[in-house]
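Below: one structure, written as structure tokens.
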Amino acid sequence: MTFKKYSDLLLGGLLILGCIFIITVLIPVGVQDPGYVEQAALAPDFWIKIIVWGLLAIGVFILVQGYRARKRDDAEALEADDQLPFPRNVISVLLVIVFLFIYQQSIDSLGIVAPSIVAILLMTTFSGYRNWKVIIPVAALLPAGLYYFFLKVAHIPMPLGIFG
Amino acid sequence: MLENLSIALGIFASWENVFVLFIGVTIGTIVGAIPGMTPTTGVALTLPFTFYMQPVTGILLLLGVYKGGNYGGSIPAILISTPGTPAAACTVLDGYPLAQQGKANKALHMALYASCFADFVSNLSLIFFAAFIASFALRFGPPEFFTLIVFSLTIIAGVAGDSLSKGIGSAALGLLLATIGLDLIYGTERFVFGEVELLGGLKFIPVLIGLFAIPLVIDHYSKKYVPHVTAPVGEEGVTWAEWKRCFKSILRGSLIGVALGAIPGIGGAPASFMAYSEAKRTSKNRDNFGKGEIEGIGAAEAGNNGVCGATMIPLLALGIPGDVVTAVILGAFMIHGLQPGPLLFEQNITMIYAIFMGIMLSSLFLLIVGKFGIKYLARIADVPNSILYPVVLVLCVFGAYAIGNTLFDVLLMMVMGVVGYIMMKFAIPAAPFLIAFILGPILEDSFRQSLVLGDGNFSIFVRGPICWFFLTLAAASLFMILKRNLGSKKPAVQSTKSDE
């Protein structure tokens, strides 16, 4: 089974489930009722409902499209040949996504410069690049340069965390 | 008029503006020359650096990046057969074969001259048409704006990707995301869930950077390392006779670019392919097209760069962005408290003139940067992605944090990055999402204002010829896109073979 071949089926299904969730849970809980509404079409949730019902119809359309496309020749569903083999590609992507959120969380305590230096070091080496004469100057100078640009030129304070 | 022009000259004629414009064109050309980086990514990453600038200065920086990026895409297209931007894909057809013949310098120079000429023509069209359209648009009320935005979104959703349904779905998701925050009429909360940061709605810049830069970073780690071979630049340039021979195709390509660029959503890629096919159809050397014909490079680049100024016409005159880059520029206007559209021509005409002056100068800067930088720019294509994408990530984080000095914006950018990556994998185009996200509040506002005007009667949306005009255009374009989509699906295998 290739992802590309079944992607429309999956996407259509996800859109339909997402829209049902928005209509039944998110709108009733997340959209406040102002109490009195002059016209039904001016209600805060009216516009949202139009969008979500439209999206639901598109989800059904994509699902049907995906069901029909499933029967087409497998040759059309080949994955791009520049991708890493499965499951290495999925693991790499998941690791990078997890790293992005660790990076974001660490800024609070470590400031913006130190995690950025670590991010450049880790991410360049993770992709197999080992030219330290390039990596180290870039990792050290870029975050420091950006920090000083925003602080001194743009007058936008940047966090330094425990290093501040 | 003359008084306004002299005030505008006063606003524009500062070293800071000229320098920033030059830097913008240089950055854009460098970004465009890097395979995988687009002018959109370049403009998105530059936007946070404009916060502290005067509005005209900041907008000129972004315009410089946009124009430089559109030209820069031709460099890797010619040297390594990898278009730096989608719009430069057509340049590969003749640019790379010419480079393989040891004439890369000739191809690069033709791309530069055609780009600068088309850019100049496009700028002139902007100056001539924007004010005229804006004066007409002063007659628009909420129903007219509603139908205009519906038409624009229909086209953008239809042409942005391979599938109309995914394009419309993407736009619908963008509209949905734009509803987060306080209700426009009643001030009640919508999808806020007690999070103070969401009261004002999702900020545009983290959404933009998240959608257009972070997915590239994530996607890089799912790919194999594929080394590319850069063709030597060579010495041979473009002769006067060659320029004269290609001029007709370049002029035609420029005008095609202008015409297509002025329609919201079309963009540079269709313009360059149409300009190329017209040049091929009418050229005496048509048999040489695809084998290293310099006229093909000129036509493709003219079509591609002819859209640059023209995409600003709907933005400045109507407040409707023609593509993602102009959507970012719309965001830059908004950051500085300005709303492009007909009223801007009434209230801030001197600022518009100052921007026009900068735009005209940008064509000259493009020529200078390209002419003197070709040999150095050619090396940029060699920058390894392994170092490039971590650098992009750090730029994104600094940029997102700088918007409001809050980590929430960085988190929002990361979340949108993951959303953007998922969209990329499902082949959902991100452009309709972003443009709908920006236009969403205006669309909803005009929808509800129209209903207030019409006492809740939906017939207000067909109240006059302007509404009918846009609704008919929307229906006609939807029909044509649908016809194209259905037509291209049947002979899928054959069509790939007969692309040429």
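FYI, it's all coordinate maths here, none of it is from the lab. A quick note: this is a predicted structure, and the numbers were derived from the prediction, not measured. Please note: Cβ atoms are built from the backbone with ideal geometry, for glycine as well, and neighbour counts cover all protein chains shown.
Here are a few things to note about the model shown:
- Counting only alpha carbon atoms, the long axis of helix B:465-489 and the longest principal axis of chain B meet at about 50°.
- Farthest towards the positive end of the charge dipole of chain B, among the residues B:Gly68, B:Ala300, B:Ile27, is the Cα of B:Ala300, using unit charges on the Cβ of Lys, Arg, Asp and Glu.
- In this structure, the pairs whose alpha-carbon distance is over 24 Å, taken from B:Lys103/B:Lys248; B:Lys284/B:Lys371; B:Lys248/B:Lys371; B:Lys223/B:Lys280; B:Lys223/B:Lys291; B:Lys103/B:Lys375, are B:Lys284/B:Lys371; B:Lys223/B:Lys280; B:Lys223/B:Lys291.
- Rounded to the nearest Hz, the phi-derived 3J(HN,Hα) couplings of the stretch B:405-414 under the Karplus curve 6.51 cos²θ - 1.76 cosθ + 1.60 (θ = phi - 60°) are 6, 9, 6, 4, 5, 5, 4, 4, 4, 5, where x marks glycine and proline.
- Principal-axis tilt of helix B:268-282 within chain B, Cα atoms, nearest 10 degrees: 40 degrees
- Projecting the Cα atoms of B:Thr239, B:Leu164, B:Phe398 onto the dipole axis of the protein assembly as shown, where Lys and Arg carry +1 and Asp and Glu carry -1 at the beta carbon, places B:Thr239 farthest toward the positive end.
- Inter-label distance for A:Leu17 and B:Phe136, nm, one decimal - labels placed 7 Å from Cα along Cα-to-Cβ: 4.8 nm
- The distance between label points at A:Val25 and B:Leu184 comes to 2.9 nm (points 7 Å beyond Cα on the Cα→Cβ vector).
- For chain B, the longest principal axis of the C-alpha atoms and the axis of helix B:142-159 are separated by about 40°.
- The simple Förster model, with R0 at 30 Å and r as the Cβ-Cβ distance, assigns B:Arg281 and B:Ile368 a FRET efficiency of 0.30.
- Given charges at Cβ of Lys, Arg, Asp, Glu: the stretch B:78-172 dipole, positive-most of B:Phe146, B:Val92, B:Ile127: B:Val92
- Helix-only mean residue ellipticity at 222 nm for chain B, each DSSP H run of n ≥ 4 adding -39500 (n - 2.57), per residue, nearest 500: -24000 deg cm²/dmol
- About the Cα centre, charge dipole magnitude for the protein assembly as shown (Lys/Arg +1, Asp/Glu -1 at Cβ), debye: 1680 debye
- Take each residue in B:165-176, count the other chain C-beta atoms within 10 Å of its C-beta, and the mean is 6.
- Distance between the C-alpha centres of the stretch B:441-476 and the stretch B:243-271: 33 Å, rounded to the whole angstrom.
- Cα-projected label distance for B:Asp445 with B:Ala476, points at 7 Å along beta-carbon direction, nm: 3.0 nm
- Assuming charge only on the beta carbon of Lys and Arg (+1) and of Asp and Glu (-1), the dipole of the stretch B:2-488 about its Cα centre is about 1320 debye to the nearest 20.
- Per-residue average of Cβ from other chains inside 10 Å of A:96-107: 5
- For B:Phe146, net neighbour charge (Lys/Arg +1, Asp/Glu -1) across residues whose Cβ lies under 15 Å away: 0
- The mean count of C-beta atoms from other chains within 10 Å of the C-beta of residues in A:142-150, rounded to a whole number, is 4.
- Tensor-based shape of the stretch A:88-163 (alpha-carbon gyration tensor, a/c under 1.5 rounded, otherwise prolate or oblate): oblate
- Given their separation in residues at 0.36 nm each and the Cα-Cα distance between them, A:Phe163 and A:Ile102 gain 20.1 nm when the chain is fully extended.
- Translational diffusion of the stretch B:323-446 was estimated from the Stokes-Einstein equation, with Rh taken as the Kirkwood radius over Cα pairs; at 10 °C and 1.306 mPa s the coefficient is 87 µm²/s.
- Three-way shape call for the stretch A:3-77 based on the alpha-carbon gyration tensor, with the a/c threshold at 1.5: prolate
- Counting neighbouring Cβ atoms within 10 Å and putting the fewest first, the residues B:Met110, B:Met360 line up as B:Met360, B:Met110.
- Efficiency of FRET from Cβ geometry, B:Ala427 and A:Leu95, R₀ 25 Å, rounded to 0.05: 0.55
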